[in-house]
Every structure is written in structure tokens, then in C-alpha cells.
Amino acid sequence: MKRLYTLFALAMTATLSALAQWNTNATPVCIYDAAGHGDYYACNVKAARTADKKTWLSWKTWGRKEIGGRQLIAVRTYLQLLDIDGKPLFAEPVMVNDHFTNSYWSDYGLQVAADGSAIVTVADGRAEEASPNTESDHAEGFAPAIYKIDQEGNFLWGLDGVDFPQYTQAAFTNCYVVGNDTYFIFYNTSFDDSGTADDMSNIGTFIQRIDDDGTLAWEQPRKWSDDFITLQIVPSTDGEFLLFDKSPNGSLVHRMNRNLEEVWGEPVLYDEHKYDGYEMNHYKLVSDGQGGAVVAFVRTMGQFAHNIRVQHIYADGSLGFGLTGLDAANTEDGDYDYCGVAADPDTKEILVDFESQEETGYHVKLQKFSYDGDYLSDELGVSIARKDLDNAYAFGRVGIGSAGDGNWIVAYRDVQAFGANTSFIIRRYDKEGNRVWTRTIGRNLDPTNCTFCVEKEASYLFYRESSTNKNPGVTVFRINHDGGYTVDYSTGIDDVANVQPASAARIYSLDGKLLSQPRKGLNLLRHADGTVEKRIH
């Protein structure tokens, strides 16, 4: 029998739910107001766009939960779906998991399945709830789990998802969708209280393939490495994918089939350098639209300086930028950091954005390459924003993307002071590198967890507004590629599913399917306040 737990309520104002929609000017919209809930409410915001122009948003919350007469810290993951107009489709966000989590910073994954459902990964203390740590107000353990939730709120893989409770210290989880398959990746340390490994077979990096219906490809997750390696995936062709890895000798890419077998026979060393920092997903990846991928990452130069390394890997494993890649700024002078990458398959061009500190000041820079590794801009990069070095606050890159026909959309933050004194700058550049328009978004923001999505007609920005601002919570922004804000419905999508907001109470079957009415036998009733009860009909 599935274990049931009393759920904490999640407050959401009815006014926001009814009226929130995409902005109609340069002011972002707070889609979920977390005012009064503390700094850790609505943290780790993630966003993913669907093929039918909807948006999945997820975030974590910080609260407490009673177990065994004690109030212990509980961090939960929530999910909301916005329709084509930017309006929430669930009257209340869906609570994905109601198990203890040690910390709000444990990383999780959000992807969109082929059918438009959300795939969410978490790491929580479900394996430890029976005997929480008596010395701490935290529950111990990070058991990895993965959920699939459709656009009507059905838990397609069960209310508790697909979990792997034998792993108890997998704080960092992620997932990638390739066709109808989902690849669940997690990193398990599995140390007991004495600091001694309790089971070496459970320590390392693991992969499990999950079919569309929730069936596991292998009885147990496959161990990739005894070490803790951040694996990242880009879909290729024929149901295969490129898997990015690293070794002591440099950065690696594998082409894998569905059975996790090497298609090329062995991995390709695409750069002699590798990233040695602390970002979870440090290789910035994008598909080249031809079954290959483009990668950018930060490499160290000596003790303090950095540069941005770029490489193009074709679908057959050949390298477009030579055996060891190219630097975005073809120089050893200056410090270049924090990068992103985008590709235009039609023009076969690559754009990289990055920040720099040079003798000439702080910069946001762009570099454009051909697919075959030709510098198409100045070899030092083109500066699109600059401040003097005596200005203590510089810039923060946000994202880039192709607007088609050789045009690009670029977003960055102009930081004026510590805390809530930041604005977003969004620009369009044509194929000749000329600036078409600039828009300044907000004037006194304190954003984190920014996701920037560039699509054919418009770009979308999602982020967490800090609680130091008057409207903390999950914030969204939309802009057309002509620089305007009016939503254009001439996109070829005539039938957008009209999902009604959730009712005050939802009825589920035991396997997590949302029901329109009770079925004969045992049902699960989930009330608006978050509590779940068993009810026989």
C-alpha cells in the first residue's frame, strides 16, 4: 500500500491565479507571490517550454513538518503550468513530493516529455523518515526519485514517483528526454554517520533509462563511474544521444544508443582542457540541429585567469574546431568567465556570450563562429556592454538564442549595487552584428535562477525574485522579436488545450491517475489545503 503523509498547505492568492498573464510592457509579472514566506520560499526556480507553447515552472519551498512529535525542516518541490497566455492552469501549484529534504540547495531536474508532460527529479529523505535524526532538526538522506505529471495534473508514474531508496545520499539529480525515453542521472555518496562508505557498489554516478510508461530499462540503475561526474546529454538521431563527460586528460563526448552502448566504439576527446569549477552543469551545450552538438565551458589559465573554450562535435564524432577546440577570446590577456552558447542550423553559425575583466574594464562580450571553426567576429570578441574597473558591480550574462535568419537575441543583467538594484537588458542583433533594438526590463530587481528561452517568435525569461524585493516569488517576462509585447497568435497553433483550473479537491486512483469522479473501491482525495485522505466509494 502506498504510504500517505499529511501535506502542508501551499498558499496562492486567487487573484494572481485568475489574472496573471504575460506582461504587456517592460515590467515583469510575478506569477507566484511568495511574500511573507521567508528567503527560502520559491527558491531554485526552473522553467521548460512545451511544443504547444505552454510553460512548466518548478520551484522548491522551505517549511516544517511534524514527524514523531517533532517539527523537522522539510523542503518540497512544486509545479505549475502556464497556458499560451501565461496564465496558471492549476488553481494551486501541484506539490510534487512531500518527503523531507535536507537542504533547499539539493539540485533537481525539470524536462518536458514528448507528450508535453513534465518530468521532475528530486532527492529527499523518504528512506529516513521512519527514524529521523534525533540530534538535528533535519531529516537525513537524499533518496533519488523521478516523477511524470501530465498537463491535467495526473501523476503518471504514481504519487510517489519512481524511486530508488537504496541510495541515501544522492543530493544531485537530473534528467534528459531523448525521444520517448527519459534518462535519470544521479550522484550518490552514501556515507554513514561515521564517514565510512557503507556500500562501495552504491557510490558513484548512476544512469537509469525510463520508458514513456514508467518502465525501467534495467533492474538496477547502471553505474557509470565510481567518481562523481556531472553527465550531460544532447539528443542526436535514431534515438541515440551525445553524452558529455570528462577525464583526467580532458573533456570527452560519447555517442550512446538506448542500451547505453558506445556507438563510436570509444569516446572522443574533444578538448585537452576540462572544467574544474563547481557548477553542476558546467558544459554549456546546444544541439547543432544535425545530430551533433556545440559545447562551451570555462577553462583555467594559470592560478587566477580563465578563458572560454568552444568546440563543435558533428554527429559522426568529427571535430569542427580542431583537436583541442578554440578560445572565445583568442588571447591570454584578461579574465573571461561565465559563458553560454547558441547555434543557428540554417546559417550554420554559433554564438557564444561571456563576461570579461580586462584592462579596458568589465565587459559583456559576444563571439561568433562558423560550424567549421572560423572566427566570424573580432578574435578578442565584440563588447556589447562596458564599465570601468573602479565600478564594483559589473554585469551578469543571462542567455542567448537564435531568432532565425542570422538574427540573435541576447540578455544580460546590469548590476548597479548589491541586492535589489539590477535590471535586465535584452537586445536583438542582425546577421551583420548591428543592434536592432534594446529593451531595459525592470529597474530594481534581485533575480536568481534565471532561465532564458529564445523561440521563433518571442523570448521568455523566468527567474526567482528575491524576498528583499516587494514582490518576491516566481517572475516571468515575454518579448516579441520585433521588440514589442503584444502576444501574436498567428503561430500555426490553433488548438491549445483548455485545461481547467484544479478544483478544491482532486480525486486520484491508487496509481496516481487524476479522476473526474470517484471509482468503486479505494480512492485518494487530495484537498485544497494539501492533505490527502483515503476514501472508499
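Among residues of the range 66-81 being open to solvent by 10 Å² or more (accessible area, probe 1.4 Å) and of a type in the set (Gly, Ala, Ser), the one that is modelled with the highest pLDDT is GLY69. Being assigned to a loop (DSSP other than H, G, I, E, B), modelled with pLDDT of 95 or more and surrounded by 18 or more Cβ atoms within 10 Å (Cβ to Cβ) is the requirement here; does TRP157 meet it? Yes: the conditions hold for TRP157. Every condition in (1) over 19 Å from THR300 (Cα atoms); (2) open to solvent by 50 Å² or more (accessible area, probe 1.4 Å) holds for ASP333 except the one numbered (1). Only one entry in LEU260, LEU323, LEU285 is part of a strand (DSSP E or B) and either of a type outside the set (A, V, I, L, M) or open to solvent by 20 Å² or more (accessible area, probe 1.4 Å) (or both), namely LEU285. A search for C-beta distances below 9 Å between a residue of the range 204-219 that is in contact (Cβ under 8 Å) with a residue 60 or more places away in the chain and acidic (Asp, Glu) and any residue that is in a strand (DSSP E or B) and buried (at least 18 other Cβ atoms within 10 Å of the Cβ), counting only pairs 6+ apart in sequence or on different chains, returns ASP212/LYS148; ASP212/ASP181; ASP212/THR182. Among the residues of the range 234-245, the ones that are surrounded by 21 or more Cβ atoms within 10 Å (Cβ to Cβ) and part of a strand (DSSP E or B) come to 5 in all. Considering (1) of a type outside the set (Ser, Thr, Tyr); (2) surrounded by fewer than 19 Cβ atoms within 10 Å (Cβ to Cβ); (3) out of contact with any Lys or Arg (no Cβ under 8 Å at 6 or more places or on another chain); (4) within 22 Å of THR438 (Cα to Cα), the lone condition that VAL382 does not fulfil carries the number (3). Looking across the range 390-410, the residues that are part of a strand (DSSP E or B) and out of contact with any Leu (no Cβ under 9 Å at 6 or more places or on another chain) come down to PHE395, GLY396, ARG397, ALA403, GLY404, ASN407, ILE409. Every condition in (1) assigned to a strand (DSSP E or B); (2) in contact with a Leu (Cβ under 7 Å, 6 or more places away or on another chain) holds for GLY214 except the one numbered (1). Flag: HIS282 does not match the condition of being farther than 20 Å from VAL253 by Cα and touching a Ser or Thr at 6+ places or on another chain (Cβ under 7 Å).
Looking at GLN220, GLN166, just one residue is part of a loop (DSSP other than H, G, I, E, B) and at pLDDT below 90, and that residue is GLN166. Of the residues that sit in the range 388-424 and are among the β-branched types (Val, Ile, Thr) and in contact with a Ser or Thr (Cβ under 6 Å, 6 or more places away or on another chain), which one is farthest from ASP446 (Cα to Cα)? Once the filter is applied, the top-ranked residue is ILE409. For GLY492, the test of being modelled with pLDDT of 95 or more, part of a loop (DSSP other than H, G, I, E, B) and small (Gly, Ala, Ser) is failed. Please verify whether the range 364-373 includes one or more residues that are modelled with pLDDT of 95 or more, under 27 Å from PRO345 (Cβ atoms) and loosely packed, with under 15 Cβ neighbours inside 10 Å. Within the range 364-373 (the criterion being modelled with pLDDT of 95 or more, under 27 Å from PRO345 (Cβ atoms) and loosely packed, with under 15 Cβ neighbours inside 10 Å), the answer is yes, since at least one residue qualifies.
Looking only at residues in the range 451-475 that are of a type outside the set (S, T, N, Q), at pLDDT below 95 and not in a loop (DSSP other than H, G, I, E, B), the one that is most open to solvent (accessible area, probe 1.4 Å) is ARG464. Go through (1) open to solvent by less than 50 Å² (accessible area, probe 1.4 Å); (2) part of a loop (DSSP other than H, G, I, E, B); (3) modelled with pLDDT of 95 or more; (4) β-branched (Val, Ile, Thr) for THR347 and report which single condition fails. Unmet for THR347, out of (1) open to solvent by less than 50 Å² (accessible area, probe 1.4 Å); (2) part of a loop (DSSP other than H, G, I, E, B); (3) modelled with pLDDT of 95 or more; (4) β-branched (Val, Ile, Thr): (1). Across the range 411-422, the qualifying residues are those that are assigned to a strand (DSSP E or B) and under 15 Å from ARG386 (Cα atoms), and the one among them that is most open to solvent (accessible area, probe 1.4 Å) is ARG413. In the range 223-233, the residue that is nearest to TYR108 (Cα to Cα) out of those that are outside any strand (DSSP E or B) and open to solvent by 30 Å² or more (accessible area, probe 1.4 Å) is PHE228.
How many of the residues in the range 251-281 are among the small types (Gly, Ala, Ser) and within 25 Å of the chain's Cα centre (by Cα)? Counting residues in the range 251-281 that are among the small types (Gly, Ala, Ser) and within 25 Å of the chain's Cα centre (by Cα) gives 2. Taking VAL487 as the residue in question, decide whether it is of a type in the set (A, V, I, L, M, F, W, C) and assigned to a strand (DSSP E or B). No; evaluated as a whole, the condition is false for this residue. What do you reckon, is GLY250 open to solvent by 40 Å² or more (accessible area, probe 1.4 Å), at positive phi and modelled with pLDDT under 95? The answer is no for GLY250. So how many residues does the range 423-450 have that are modelled with pLDDT of 90 or more and either assigned to a strand (DSSP E or B) or open to solvent by less than 20 Å² (accessible area, probe 1.4 Å) (or both)? So the count comes out to 15.
Can you find a residue that is touching a His at 6+ places or on another chain (Cβ under 9 Å), at pLDDT 80 or above and within 21 Å of CYS30 (Cα to Cα) anywhere in the range 90-102? Scanning the range 90-102 turns up no residue that is touching a His at 6+ places or on another chain (Cβ under 9 Å), at pLDDT 80 or above and within 21 Å of CYS30 (Cα to Cα).
The values are calculated or read from the model by the stated rules, or taken from the named source; none is laboratory data. Computed from a predicted model, the values in this text were never measured in an experiment. Because the Cβ atoms are built from the backbone with ideal geometry, glycine has one as well, and the counts that use them run over all protein chains shown. Areas reflect the complete protein model, heavy atoms only, side chains present, ligands, DNA and RNA absent. Shrake-Rupley method; radii C 1.70, N 1.55, O 1.52, S 1.80 Å.
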